[in-house]
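Engineer: Please find one structure pasted underneath; my questions will follow.
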Amino acid sequence: MLNLTKIFAGMSWGTPWKRARQKRMLVLTLCVLAGSLSGLASSGMHLLAEWVREHSHGLVEQWGGAGFWVAPALPSLGIFFCVLLGSLFWRRHPMETNLWVAIREARHPDRGMREYHAYSHILTSGVSVGLGISAGMEAPSALTGAAIGDNLGRKLGLPRETRILLLCAGAAAAIAGVFSAPLAGTLFACEVLLPGSSGVTLIPLLIAAASGAIVSQLCGVQVGFPEIAYSWKLENLWLYLLTGLFCGLLSVAIIRLNCLMLRLRQKIRHPWLLMSLGGAALYLIFLFLPILGGSGLDTVLELMHRGHGGLPAGLMPMPQGTGWGLLAAFALCVFLKPVASILSIQSGGDGGMFAPSLVTGAYVGFLFAQLLQLLNITGFPLVNCMAAGMAGTLAGVMHAPLTGLFLIAELLGGYQLFVPLMVVVALSTFVSRCLSRGNIYFASAAVMRTSREVLVSESMDDQQDTAVGELADRGLYSLAPQDTFRTLLKILMHSPQEIFPVLDEEGCLVGVIRERNLRPYLLDTKLYDILVADDFMGSAPVCLPAETTLAEATRVFDVKGADFIPISQNGRFLGILTRGHLLESHRSLLTHQELF
């Protein structure tokens, strides 16, 4: 395996400024590579979804009248495909589809993202979204791009900071490739994956995102949103304030609904039962309202271009004229779109809440525009309403105001609405932050944690969620119980360690030898080949699993008064954690090294 650590360390020619420039040029090159690969992966996922959708719809049309009843079952088939693939190929480690995997690795690098994330979501998300589950491909694309960047850095043996940067660059490029919005992809990485990063980090992220967007456009991925043709009026500011407030409350409802469904999923647990129940519920939803299927972005385009007249009809017909009936129908869509999306994901489908948040916000904007029309309030065009709703809902759900602001600006050319959109995303994010435990990813992670563990924080400076396996000292000399005193002394002469773990044949800790226990026997050479490690070792302290949080380990130190704690992984000894490691973790906050 190629290892570039020596290359980084060996860049010693020239002045310090030249050495720093050489390293940065190498990092920029790797970011372009990671961005291009991520853009290619997101394009492949998008093209696969389009191919599956076209062919599945063609097969349904061949059924004639029976196709009306068959089409709502296609999303359940997509969920079945994901669950089947996961049960066949990821039995030991269940397939993870939550973007929290990338967020966790970006903030607390430990074992790295598993390699299957770099390719599996292309197939599972492409097929399931193509078959019509109510979810988007943005989160799987970001997860794929993050895995590509992280594994690229680890395969090349790059330093920790560079691996984090490549991970974020891959995710930014994937989002940029999906929407052809490199600035929004960059800000998404900064706000969601790596908050607290400095402005200089934007340089490699922007280059990676631009690379992903270029590759995506070369592959033929295009997003055809209409441009905003009308500016805003100062007297309509109260309408944008109202939109931001409503989007904030709606975002809180979506986050809490997702947490509720996640708790139900933890109670059921059985994947096939989850798939059956979720598939049945989705069938009924899509049978009555087929516009809730798929990512929904095509429905948003239809509403912006031609209104609601061309939307597909289900058992519940969509009112053709304007009136209170249409308002009631879209109010139901605003409620059921997040429900259908969360059901699709929690039942086993591979998708994310990025696109459903945009679509729900667009429905809010359409509903708001129709309400203003009924009340004879003019000066607030439909596209402006939908843009404000999309930006506000996305910002509230993700707690990422800049991402929501610049994504809408890039998709719709909405720079004319920059000021009111700033108000909308700021107000929506503020309300959502005040009323929820975190964005949709952090709130989900908090639900999945046990009550004994601390709540996940969105702050980059909060290290309490760091896994102790990341901090443990793994480079220790270990002994077997039958090793002689002479063997131990040879190790002692060449090692500064004061604690020697004693392991059995399976690598499990059976005892610990301290340096002070050896001092009474150092001058008696006759005992060198008589005494063995088993004669010196004390009882083994209770090991903590490698995934234990730093906060929990700190409590163990305080309660037991120990000066070290053994760390295990899958039952095997991994290393030891000392009080010095805790101090080093907090010291690193004060001497934080720039990623670029």
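The values are calculated or read from the model by the stated rules, or taken from the named source; none is laboratory data. Bear in mind the structure is a predicted one, so any value in this text is a computation, not a measurement. Counting neighbours? That spans all protein chains shown, and the Cβs are built from the backbone with ideal geometry, glycine included. Note: accessible area is taken over every heavy atom of the protein model, side chains too, but ligands, DNA and RNA are not part of it. Shrake-Rupley method; radii C 1.70, N 1.55, O 1.52, S 1.80 Å.
Engineer: Using label points projected 7 Å from each Cα along Cα→Cβ, tell me how many nm separate Ile268 and Arg572, to one decimal.
Structural biologist: For the pair Ile268/Arg572, the computed spacing is 3.7 nm.
Engineer: Another question about this same structure. Can you list residues whose amide H is under 5 Å from Leu479's amide H, if they're 5+ apart or on another chain and H is modeled 1.01 Å from N?
Structural biologist: Distant-sequence amide H within range of Leu479: Val502, Leu503.
Engineer: Taking a ≥ b ≥ c as the square roots of the Cα gyration tensor eigenvalues, with a/c under 1.5 meaning rounded and otherwise prolate when a/b beats b/c, else oblate, which class fits the stretch 283-413?
Structural biologist: On the way: a/c = 1.91, a/b = 1.04, b/c = 1.83.
In terms of gyration-tensor shape, oblate.
Engineer: Sticking with this structure for a sec: For Ala66 and Arg160, what does the FRET efficiency come to when R0 = 45 Å and r is the distance between their Cβ atoms, rounded to the nearest 0.05?
Structural biologist: The pair Ala66/Arg160 has a calculated efficiency of 0.20.
Engineer: Given a Förster radius of 56 Å and the C-beta distance between Ala480 and Glu227 as r, what FRET efficiency does 1/(1 + (r/R0)^6) yield to the nearest 0.05?
Structural biologist: After rounding to 0.05, the efficiency reads 0.20.
Engineer: Here is a further query. Give the ranking of His117, His55 by solvent-accessible surface, highest area first, calculated with a 1.4 Å probe.
Structural biologist: Ranked list, largest accessible area first: His55, His117.
Engineer: Assuming 0.36 nm per residue, please report the length gained on full extension of the stretch Asp535 to Leu489 beyond their Cα-Cα distance. Don't jump to the answer; show the numbers that get you there.
Structural biologist: On the way: separation 46, 0.36 × 46 = 16.56 nm, distance 1.42 nm.
Difference between extended and current length: 15.1 nm.
Engineer: Could you give the accessible area per residue of the chain, probe 1.4 Å, as a whole number in Å²? Each step should come with its number before you reach the end.
Structural biologist: On the way: 26120 Å² over 596 residues.
With the other protein chains kept in place, the chain gives 44 Å² per residue.
Engineer: Another one. Set the Förster distance to 30 Å, then compute FRET efficiency between Ser276 and Leu315 from the Cβ-Cβ distance, nearest 0.05. Before the final figure, lay out each step's value.
Structural biologist: Working: r = 22 Å, r/R0 = 0.73.
Plugging the Cβ-Cβ distance into 1/(1 + (r/R0)^6) gives 0.85.
Engineer: Using label points projected 7 Å from each Cα along Cα→Cβ, tell me how many nm separate Arg256 and Arg555, to one decimal.
Structural biologist: Each label point lies 7 Å from its Cα, and together they span 2.7 nm.
Engineer: Starting from the stretch 468-529, pick out the GluC sites (Glu not before Pro) whose DSSP state is loop and whose Cβ has at most 16 other Cβ atoms within 10 Å.
Structural biologist: The qualifying sites are Glu498, Glu505, Glu506.
Engineer: For the stretch 457-563, give the share of DSSP beta bridges that are antiparallel, in percent and rounded to the nearest 5; count only bridges with both residues there.
Structural biologist: If we restrict to bridges inside the stretch 457-563, about 90 percent are antiparallel.
Engineer: Still on this structure, I have one more. Give me the percent of the accessible area of the chain that comes from carbon and sulfur atoms, probe 1.4 Å, all protein chains in place.
Structural biologist: 62 percent
Engineer: For the residue pair Ile499 and Arg24, what label-to-label distance in nm results when each label sits 7 Å from Cα along the Cα-to-beta-carbon direction?
Structural biologist: Label at Ile499, label at Arg24, 4.2 nm between them.
Engineer: Quick one: dipole size for the chain, taken about the Cα centre, charges +1 on Lys/Arg Cβ and -1 on Asp/Glu Cβ, in debye to the nearest 20.
Structural biologist: 380 debye
Engineer: Considering only DSSP states other than H, G, I, E and B, which chymotrypsin sites (Phe, Trp or Tyr not before Pro) in the stretch 294-338 qualify as loop sites with at most 12 other Cβ atoms within 10 Å? If you can, show how the numbers build up before the last one.
Structural biologist: Values: sites: Trp324, Phe330, Phe335; in loops: none.
Nothing satisfies the criteria.
Engineer: Where does each of 562-571, 392-401, 38-47, 419-428 land if you order them by average Cβ count within 10 Å, highest first?
Structural biologist: Values: 562-571: 17.0, 392-401: 30.6, 38-47: 26.5, 419-428: 23.8.
Highest mean packing first, the order is 392-401, 38-47, 419-428, 562-571.
Engineer: Can you name the helices of the chain, as whole DSSP H runs, whose Cα span along the helix axis is 30 Å or more and whose Kyte-Doolittle mean is not below 1.6?
Structural biologist: Counting only whole DSSP H runs, the qualifying helices are 324-346.
Engineer: Of [x] 1.05; [y] 1.01; [z] 1.16, which is the value of Rg/Rh (Cα atoms, Kirkwood Rh) derived from the coordinates here?
Structural biologist: Working out Rg/Rh (Cα atoms, Kirkwood Rh) from the coordinates points to [x].
Engineer: As an exercise, identify the chymotrypsin sites (Phe, Trp or Tyr not before Pro) in the stretch 183-272 lying in DSSP coil whose Cβ has no more than 16 other Cβ atoms within 10 Å.
Structural biologist: Listed in order of number, the matching sites are Tyr230.
Engineer: Once you order the gyration tensor axes a ≥ b ≥ c over the Cα atoms, which shape class does the stretch 250-309 get: rounded for a/c under 1.5, otherwise prolate or oblate by comparing a/b with b/c?
Structural biologist: Oblate.
Engineer: Ordering Trp100, Trp69 from largest to smallest accessible area (1.4 angstrom probe), what's the sequence?
Structural biologist: Final ranking, largest accessible area leading: Trp69, Trp100.
Engineer: Looking at the chain, identify the longest residue range that excludes and avoids all trypsin sites (Lys or Arg not before Pro) in DSSP loops having at most 14 other Cβ atoms within 10 Å.
Structural biologist: In the chain, the maximal stretch lacking such sites is 270-448.
Engineer: Whole-Hz Karplus ³J(HN,Hα) for the stretch 564-570, in order, using 6.51 cos²θ - 1.76 cosθ + 1.60 and θ = phi - 60°, x for Gly and Pro?
Structural biologist: 7, 9, x, 10, 10, 9, 6
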